Ligand code: SF4
């Protein structure tokens, strides 16, 4: 059986931003840095610095590696808080912006917690997201609804990885801040439907010959 490629936790965010961007980065190995990604990287480097420390009965572990084969996920947590009295684990994710109405940041955090649960056979009730711009910490309850959403997204990203395909561009406002805009050329690729047309024409024939 073909070995399935592990899904980096970062791919969940890339998929949230744009499935095509996710495929370009993870299926086609394209990457380009822009102002937004550079700023995010500097923030994570700052968070990554430093040895574990203990304050008021909480041990703060930085850059914690996770690998959860059942979930097919792999990645690095910004910060893990360990309550030395109760053993409670709280993953903390750092974001450069501010809290948003959509659930994408929470989904990434929930995926981190589920990785820890698989690895350490523990139950994690909550996590937290620290928003750099607003300087606010948001506590996130990892309830069944958020867990379901998280598993659904992991499944969608797994299907994208396994398809080895890159979806067509859908041009939108988000393209203006996309690090891959020049490589993707969304205005052109969104309009260029000729490849999709030709693929569709030959679909039946390919299916016949592959049987
Ligand atoms: S430029 Fe737009 S369509 Fe292309 S990868 Fe980026 S966000 Fe997606």
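Details
- Complete set of residues in region 134-179 that are in a loop (DSSP other than H, G, I, E, B) and more than 16 Å from the ligand (Cβ to nearest atom): 134, 135, 142, 143, 164
- Among (1) closer than 22 Å to residue 77 by Cβ; (2) touching a helix residue (DSSP H, G or I) at 6+ places or on another chain (Cβ under 6 Å) - the single one residue 166 does not satisfy: (1)
- Some residue of region 4-14 being in contact with a helix residue (DSSP H, G or I) (Cβ under 9 Å, 6 or more places away or on another chain), modelled with pLDDT of 75 or more and within 11 Å of the ligand (Cβ to nearest atom): yes
- Of all residues in region 109-148, those that are touching a helix residue (DSSP H, G or I) at 6+ places or on another chain (Cβ under 7 Å) and at pLDDT below 95 total 1.
- Restricting region 80-103 to residues that are under 16 Å from the mean Cα position of the chain (by Cα) and crowded, with 16+ Cβ neighbours inside 10 Å, the residue that is nearest to residue 144 (Cα to Cα): 103
The values are calculated or read from the model by the stated rules, or taken from the named source; none is laboratory data. Nothing here was measured: the structure is a model prediction, and the numbers come from that model. Using ideal geometry, Cβ is built from the backbone for each residue, glycine included, and neighbour counts are taken over all protein chains shown.
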